[in-house]
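Computed from the coordinates by the stated procedures, all read-outs in this text should not be read as laboratory data. In this text the structure is predicted, and so the values were computed from the model without any measurement. Here the Cβ is made from the backbone with ideal geometry for all residues, glycine too, and neighbour counts use every protein chain on show.
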Amino acid sequence: MRTSSNPAFRNLPTGGYAGFNAYPQQAQPGYPPQQTGPYGAQPAAADNRPMTIDDVVTKTGILLGTLVVAAFLAAFVPILKLLFIPALIAGIVLGLVNSFKKEPSPALIIAYAACQGIVLGVISGIYALKYDGIVIQAVVGTVGVFAGMLFAYRSGAIKVTPRFQKWMIGMLIGALVLMLFRLVAPMFGLHLPIGIMVLISLVLIGVAAFSFMLDFEAASEAIRNGTPARYAWQIAFGLTVTLIWLYLEILRLLSYLRD
């Protein structure tokens, strides 16, 4: 039984995941489960074939490309900054819809990436005005953490065991508490020392980084079980969610260190 930290993977079919990855049935090797469309028709053969790593890489690349282009435009086209609040709300709604939707919708997932790109572009622009070069540093840091965790997973340096999964679930709950505390503390006039804020950011970055291990394992298990190729969109969506979280935490940490 596997458990991913990412709710985006909860509806992936075929397998034995628990929690967020509740796979309803076990696929026989080489025979993905039969899926039907809204009118009882079989999906296109290209979507119904077993998923490969190339499918995951391609779909993730499309989402990250959309995210980066939208962020770039939002950062340098002033009128797009007016879309920050609508994009923020739409991103939250689309994130929930895509997380709980049984069948992945490429259009909705790409729309999510575009909305989040606008949000990240505006936020990054604000940080860039105050801290020269901070956005590039945050991007490099995010790519570095992602590459490092991928290497650790592929090399077997870190094993995704049931004990590791249980430990990560506890860490994710703790991370949620920390984020809520950091959000509501200023509302009650509580201004945390910069050292405490740095410590919180470091903990959250660590949790986000190790979440990749569970996400990689979820993707690998889906490929091994012959999950239909169309679900690569769902895996790409989940990885994008974690990357966005990691980038924002690194950006915040760098701002604390600059101060």
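Share of Cα-Cα pairs in the range 153-259 beyond 18 Å, in percent?
58
Residues in the range 236-259, backbone N under 14 Å from the label point at Ile194 (7 Å along the Cα-to-beta-carbon vector): list them, ranges by number please.
253-259
Under the rule a/c < 1.5 gives rounded, and otherwise a/b versus b/c splits prolate from oblate, where does the range 176-218 land using the Cα gyration tensor?
Oblate, since a/c reaches 1.5 and b/c is not below a/b.
Is the range 85-191 rounded, prolate or oblate when judged by the Cα gyration tensor, a ≥ b ≥ c being the square roots of its eigenvalues, rounded requiring a/c under 1.5 and prolate requiring a/b larger than b/c?
Values: a/c = 1.31, a/b = 1.19, b/c = 1.10.
Judged from the Cα gyration tensor, the range 85-191 comes out rounded (a/c under 1.5).
Along the Cα→Cβ direction, 7 angstrom out, place labels at Val69 and Leu96. What is the inter-label distance in nm?
Modelled inter-label distance: 2.9 nm.
Taking neighbour Cβ counts within 10 Å as the exposure measure, how do Val241, Val68 sort from fewest upward?
Going from sparsest to densest Cβ surroundings: Val68, Val241.
In Å³ and rounded to a whole number, note down the convex hull volume per residue for the Cα atoms of the range 132-202.
115
Quick check on the range 197-259: take the gyration tensor over C-alpha atoms, sort the square-rooted eigenvalues as a ≥ b ≥ c, and tell me if it's rounded (a/c under 1.5), prolate or oblate.
prolate
Determine, for Arg230, Arg258, the number of other Cβ atoms within 10 Å of each Cβ, and report the residues in order from fewest to most. Mind showing how you got there, number by number?
On the way: Arg230 21, Arg258 13.
In order of increasing Cβ crowding within 10 Å: Arg258, Arg230.
Taking H placed 1.01 Å from N in the peptide plane, check which residues at least 5 places from Arg49 or on another chain put their amide H under 5 Å from its amide H.
For Arg49, whose amide H was placed from the backbone, the distant partners under 5 Å are Ala229.
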